[in-house]
Amino acid sequence: MLNPYANRKYVIGMIVVGVSLAFVARLFYLQVIDEDLKIAAANNSQRVVTQYPSRGLIFDRDERLLVDNEAAYDLMVIPKEVLPFDTAQFCQILEVTREFVDVELAKARAYSSYKPSVFMKQISSEKYAIFQEVLYKFSGFYVQTRTLRKYPLPIAAHVLGYVGEVNQAMIDQDSYYKSGDYIGISGIEKSYERALRGIKGVSYYLVDVHNRIKESYADGRYDTMAVVGSHVVTTLDAELQTYGELLMANKRGSIVAIEPATGEILALVSSPSYDPNLLVGRVRSKNYQMLSQDSLTPLFNRALMAKYPPGSTFKLVNALIGLEEGVITTESSFTCSGGYVVGNFRMGCHHSGAINFLMSIQGSCNAYYANVFRRILDNRKYGSVSLGYANWRRHVLSFGLGQRLGSDLTAELEGFVPKVDYFDRYYGEGRWRSLMLVSMSIGQGELGVTPFQMANMTAIIANRGFYCIPHIVKDIMGPQEIDPRFLARHYTTVSPEHFEPVVDGMELVVLAGTGTSARTPGISVCGKTGTAENPHGEDHSIFVAFAPKHDPRIALSVYVENGGFGATWAGPIASLMIERYLTDTIARPALQERILGANLLAD
Amino acid sequence: MPRKTNILAQLDWLTILLYLSMVLLGWINIYAAVYNEEFQSIFDTGQRYGKQLIWIVLALAIAFWIVVVDGKAYSFFAYIFYAVMLILLVGVLLFGREVAGSRSWFDFGSFRFQPAEFAKFATALAFAKYVSTREQSVATPRNLAVLLGIVLVPAALILLQNDTGSALVYGVFVLVLYREGLTGYVLVLAAGTALLFVLSLLASKPMLVVSLALIEFFSFLFLSGRLKEALVGLLVFGGLSGLALGAAEMLGLETADEDLLTVALVLANMVFVVLSYLKRVPRVYTAILVLLGASLFTYSVDYIFHEVLQEHQRTRINVLLGLDLDTQNTGYNVHQSKVAIGSGGWTGKGFLQGTQTKYDFVPEQSTDFIFCTVGEEWGFWGSTIVVMLFVALILRLLFLAERQRSSFSRVYGYCVVSILFFHMAINIGMTIGLAPVIGIPLPFFSYGGSSLWAFTIQLFIFIRLDASRAELL
Ligand SMILES: [Zn+2]
């Protein structure tokens, strides 16, 4: 049987032959006729010069300069082009030994004879000036200009992050980068790398036998212009950040301050910190080594990466969930008999008698929240403790706890709010009761939350029910745009009307409750103390607060490790931060002196 | 075991000879491309030529194994190969390693494996299997839909890996469909659509309107064969356009040129309809339909490009079309590639004597731009011989495909022909500036184990099928 379409093989065969003939004709033209290409090849002693764009600068919210650039010069070598040279003069100018030259040349040759290698990194501008004069004597060497970071204010090292050389894995992942290029390794430098780096340009030159540039190759037809990096305006308030770092000096802990309405991070302090200028240039690896071996772990960003039990500050969340679930009202009272006692079980407290809703926040009553928490879990509506717990957990997650918030800061920790199956595994399915979990009512037990998440939780209460994802960049001065997700409002599962009574309670905490140490003259501060149990030593002091009560402009969490009770250290620090931000001055020099003088690092 | 010896005698040794000579030439050129005085042993497995030697030896072992397996197996397991390949393609998206912006590699220590290369022959098997099990022509809507699905699913997965070049290869299956009975208009339409797609994104808006008018002109000419009427229509459009643009200029109107031209085009068509009605010219409405279809197409391309696609997808297309900032300096690379090839002259500079290709002037020297080394070191004669080797292999396979009695073998043969042709045309075309820079390897020449093995498997399955063409029906 003859296939009806069999003669279509000729059409296909013709296409193949046609294309091939076109190729042969083109090859004939390129290889035999076109003389220009041969001349181009003969002249092809080219130098490819990469134009490195200057990296975008970083500013604070009032456009104060946080990160600046300065020029640096790398001495490059192309081994294949190196001719015998006056080693003595070479070594004398660069102040290096003969051995150094031999070793570096051998290294470069092992990498590639034809491709440029860095011979000597970041030579000083004086050496560069002298060397430039005699460069023509050293065929195969040339100087590549780079920019290095410089930090006019030695603050916010964890937020800004640092810039380092790319490694092979990064080059494999993005072919834009070539060996020796710089890239943002952490912080804003990393998350806004694309905007900050700009785009490299390339110029092609013809060079003479002495390796001197003669002219642009092909009239610059193939050159590409470098595009400078975009400047980035952060949400940080440099003065508040500086002040926060000062207050936290000689203490371990963190401060996270957020503008509630926008989610803009005003200050993010992790203490102890370091001067970002330490991680620049040739001293970088030595200093990095030193910092990473420091027992106080200055490289560790506690604000984002440290997980603590939230302590009594978490009672605010339980109060809100209780109101939303209808298991309590603002009229509900419970008896505190110096603690919460059921059979053999006892959780201590320090009241006696009936405690109402506002008092429960003001006086941070453990018994009250044990009752609230158990009512939420044992709610008949859900049929079982595990379903009641699952529902409680859903509410907690809506406050941004137990999950990454998705900010533009790298390396956020998730935190921990155990799932139902966590307890199923621990106690056996259906074999756990609300009483076994009751320590979570006062923010202890399995719960783990970061200072960053706590600051966001406080912002939610300040906003009476929503948050914008906390973020660190306000504006990019260039073609890139801010991620629109930072503008969206995220509402919690608790209705906005339940927030006002909780806010009233927080006001009482500061006026006449456990947090009077945070009282701030002329400002209505709402706050809550907390203490994170620390099995290894003195407890951690926690204070969350926002101010003013109406139209809040700042919400923050303060953690002081080994600071004891929340009101002792964290409260006054929060108060000073608020005063500083809202009034630009400090009217209580004595309090300030006490905090600045305190050294909690000495054991 | 008389059957086995029989099989060896049945093999098409001409094809195998062509294959072996190409692999050998490929290796010689990879050696030249990465040659460096400091490393000289050809067995240095730290160097690419050393590794490629290992790939070649293993490829020959695979080829042998393919040949001794029962020929029926390939048809029998066709869908299973295909399914496994789809799983690997999904797997690489989830667990693969990102290299140069595309997530298309599985990483096993020092050994990397690229499923996209192997997906081509698996798709070809499934494609051939489906065609061979149908009674009716491939051109029924149902059959076409299934075949399109077989081809587009792997293509889409590869596109998701950010490997645009490898995904485009799947377009070439249209040649196989054509051979199996799809109307010839499809080839014209495919070429036309591709052209219109590029125009929609590249051409200025007034140019686009003019292009649409020309498309209508040519389709009318093609359909009706009436040159005179077609020219009249075009002249009317030209006249009206000139009038509209001139009037707007004189009156100082702010109306955009493309709007004026569109009005002129609509008016010209009205005139055209009336005239042709009076003179009883056929096919006018079909031509207008083509115009409307083409306009709708350009409009949707524009809309999807600007409103639906994400920024990074736009960038990818822009880079492909040469619109975006050329961060990889593609223009310079192609120019250097041409300089390297051009400097070869009649006879080339000789083995290892190439200089252009030694410096970093030509990128991806041993992989995508291996043909530069051929051109520089072996000159016009050498590069012509390589092109001719490809033509010989492709035509030989075309001949073999046509002598198959089973439609499975024939269709599979055509798939092999088409894929080889596409790779050769795009790869060599790119190095001599006749095709866009799409990173796909030159079969049997480019460095890389995955590519060499995949092409070897693809070819030898067909050689095996051909050897038992008498038994397979
Ligand atoms: Zn109490």
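The values are calculated or read from the model by the stated rules, or taken from the named source; none is laboratory data. Keep in mind the model is a prediction, meaning the values are calculated, not measured. Cβ atoms come from the backbone with ideal geometry, glycine included; neighbour counts cover every protein chain shown. Each accessible area value is taken on the protein alone, full model and side chains, heavy atoms only, with ligands, DNA and RNA left out. Shrake-Rupley method; radii C 1.70, N 1.55, O 1.52, S 1.80 Å.
Which one of B:Ala248, B:Ala190, B:Ala213, B:Ala230 is under 26 Å from B:Asp302 (Cα atoms), surrounded by 15 or more Cβ atoms within 10 Å (Cβ to Cβ) and without any contact (Cβ under 8 Å) to a residue 24 or more places away in the chain?
B:Ala190
Taking only segment A:401-446 into account, find how many residues are polar (S, T, N, Q), in contact (Cβ under 8 Å) with a residue 40 or more places away in the chain and in contact with a Gly (Cβ under 8 Å, 6 or more places away or on another chain).
4
Residues are listed down the side, and each one gets a yes or a no for (1) touching an Asp or Glu at 6+ places or on another chain (Cβ under 8 Å); (2) open to solvent by less than 10 Å² (accessible area, probe 1.4 Å); (3) in the same structural domain as A:Pro484 (by TED's automatic domain parsing); (4) within 30 Å of A:Pro572 (Cα to Cα):
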| residue | (1), (2), (3), (4) |
| --- | --- |
| A:Leu160 | yes, yes, no, yes |
| A:Glu165 | yes, no, no, no |
| A:Gly180 | yes, yes, no, no |
| A:Ala195 | no, yes, no, no |
| A:Met248 | no, yes, yes, yes |
| A:Lys251 | yes, yes, yes, yes |
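B:Val437 - would you say it is modelled with pLDDT of 95 or more, in contact with a Ser or Thr (Cβ under 8 Å, 6 or more places away or on another chain) and under 23 Å from B:Gly165 (Cα atoms)?
No; evaluated as a whole, the condition is false for this residue.
For segment A:417-512, which fully contained helices (runs of 4 or more DSSP H) count at least 1 residues that are assigned by TED's automatic domain parsing to the domain that holds A:Ile578 and surrounded by fewer than 20 Cβ atoms within 10 Å (Cβ to Cβ)?
By residue number, A:420-427, A:499-512.
Let me spell it out: the conditions are (1) part of a strand (DSSP E or B); (2) touching a Gly at 6+ places or on another chain (Cβ under 6 Å), and A:Gly571 meets all of them except one. Which number is the exception?
Condition (1) is where A:Gly571 drops out.
Can you find a residue in segment A:35-43 that is modelled with pLDDT of 85 or more, open to solvent by 30 Å² or more (accessible area, probe 1.4 Å) and either more than 43 Å from the chain's Cα centre (by Cα) or within 14 Å of another protein chain (Cβ to nearest Cβ) (or both)?
As a first pass, look at segment A:35-43 and keep what is modelled with pLDDT of 85 or more: none.
Scanning segment A:35-43, I find no residue that is modelled with pLDDT of 85 or more, open to solvent by 30 Å² or more (accessible area, probe 1.4 Å) and either more than 43 Å from the chain's Cα centre (by Cα) or within 14 Å of another protein chain (Cβ to nearest Cβ) (or both), so the answer is no.
Quick check on my filter: what residues within segment A:344-386 are more than 15 Å from the ligand (Cβ to nearest atom) and either farther than 21 Å from A:Gln444 by Cα or within 14 Å of chain B (Cβ to nearest Cβ) (or both)?
Listed by number, the residues that qualify are A:Asn379, A:Arg380, A:Lys381, A:Tyr382, A:Gly383, A:Ser384.
Within segment A:390-402, is there a residue that is touching a helix residue (DSSP H, G or I) at 6+ places or on another chain (Cβ under 9 Å) and within 16 Å of the ligand (Cβ to nearest atom)?
Looking for residues that are touching a helix residue (DSSP H, G or I) at 6+ places or on another chain (Cβ under 9 Å) and within 16 Å of the ligand (Cβ to nearest atom), one finds none in segment A:390-402, hence no.
Of the residues B:Phe220, B:Phe297, which single one is surrounded by fewer than 19 Cβ atoms within 10 Å (Cβ to Cβ) and within 34 Å of the chain's Cα centre (by Cα)?
Testing whether each residue is surrounded by fewer than 19 Cβ atoms within 10 Å (Cβ to Cβ) and within 34 Å of the chain's Cα centre (by Cα) leaves just B:Phe297.
Mind telling me which of the residues A:Leu66, A:Leu83, A:Leu105 ends up being closer than 30 Å to B:Gly345 by Cβ and of a type outside the set (Val, Ile, Thr)?
A:Leu83
Yes/no matrix, rows are residues, columns are (1) in contact with a Cys (Cβ under 9 Å, 6 or more places away or on another chain); (2) basic (Lys, Arg); (3) open to solvent by less than 20 Å² (accessible area, probe 1.4 Å); (4) touching a residue at least 24 places away in the same chain (Cβ under 8 Å):
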position	(1), (2), (3), (4)
A:Leu240	no, no, yes, yes
A:Ser271	no, no, yes, yes
A:Asp275	no, no, no, yes
A:Leu278	no, no, no, no
A:Arg284	no, yes, no, yes
A:Gln289	no, no, no, no
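Looking at (1) under 24 Å from A:Glu500 (Cβ atoms); (2) within 14 Å of the ligand (Cβ to nearest atom); (3) surrounded by 22 or more Cβ atoms within 10 Å (Cβ to Cβ), can you tell me which one A:Phe334 breaks?
Against the list (1) under 24 Å from A:Glu500 (Cβ atoms); (2) within 14 Å of the ligand (Cβ to nearest atom); (3) surrounded by 22 or more Cβ atoms within 10 Å (Cβ to Cβ), A:Phe334 comes up short only on (3).
Does segment A:584-598 hold any residues that are among the basic types (Lys, Arg) and over 14 Å from A:Thr520 (Cβ atoms), and which are they?
Result: A:Arg594, single match.
Consider A:Arg553 against the criteria (1) over 25 Å from the mean Cα position of the chain (by Cα); (2) at pLDDT 95 or above; (3) not small (Gly, Ala, Ser): it satisfies all of them except one. Which criterion is unmet?
Looking at each condition in turn, A:Arg553 falls short on (1).
Can you name every residue in segment A:94-124 that is away from chain B (no Cβ under 14 Å) and of a type outside the set (Val, Ile, Thr)? It would help to see each step written out before you state the result.
Kept after step one, since they are away from chain B (no Cβ under 14 Å), are these residues of segment A:94-124: A:94-104, A:118-124.
Within segment A:94-124, A:Leu94, A:Glu95, A:Arg98, A:Glu99, A:Phe100, A:Asp102, A:Glu104, A:Phe119, A:Met120, A:Lys121, A:Gln122, A:Ser124 meet the criteria.
Go through segment B:391-412 and give me each residue that's farther than 17 Å from A:Tyr5 by Cα and facing chain A (nearest Cβ under 8 Å). Lay out the reasoning, then the answer.
Our first condition is that a residue be farther than 17 Å from A:Tyr5 by Cα; within segment B:391-412, this holds for B:391-397.
Across segment B:391-412, the qualifying residues are B:Val391, B:Ile394, B:Leu395.
Within segment A:348-357, can you find the residues that are touching a Gly at 6+ places or on another chain (Cβ under 8 Å) and open to solvent by 20 Å² or more (accessible area, probe 1.4 Å)?
Within segment A:348-357, A:Gly348, A:Cys349, A:His350, A:His351, A:Ser352 meet the criteria.
Kindly check whether there is at least one residue in segment A:321-330 that is surrounded by 15 or more Cβ atoms within 10 Å (Cβ to Cβ), within 14 Å of the ligand (Cβ to nearest atom), outside any helix (DSSP H, G or I) and free of Cβ contacts under 8 Å to residues at least 60 places away in the same chain. I'd like the intermediate steps shown before the answer.
First, pick out the residues of segment A:321-330 that are surrounded by 15 or more Cβ atoms within 10 Å (Cβ to Cβ): A:321-325, A:327-328, A:330.
Those still in the list that are within 14 Å of the ligand (Cβ to nearest atom) too: none.
Among the residues of segment A:321-330, not one is surrounded by 15 or more Cβ atoms within 10 Å (Cβ to Cβ), within 14 Å of the ligand (Cβ to nearest atom), outside any helix (DSSP H, G or I) and free of Cβ contacts under 8 Å to residues at least 60 places away in the same chain, which makes the answer no.
Can you tell me which residues in segment A:513-526 are out of contact with any Lys or Arg (no Cβ under 8 Å at 6 or more places or on another chain), open to solvent by 50 Å² or more (accessible area, probe 1.4 Å), at negative phi and assigned to a loop (DSSP other than H, G, I, E, B)?
If the condition is that a residue be out of contact with any Lys or Arg (no Cβ under 8 Å at 6 or more places or on another chain), open to solvent by 50 Å² or more (accessible area, probe 1.4 Å), at negative phi and assigned to a loop (DSSP other than H, G, I, E, B), then A:Arg519 is the only one that fits.
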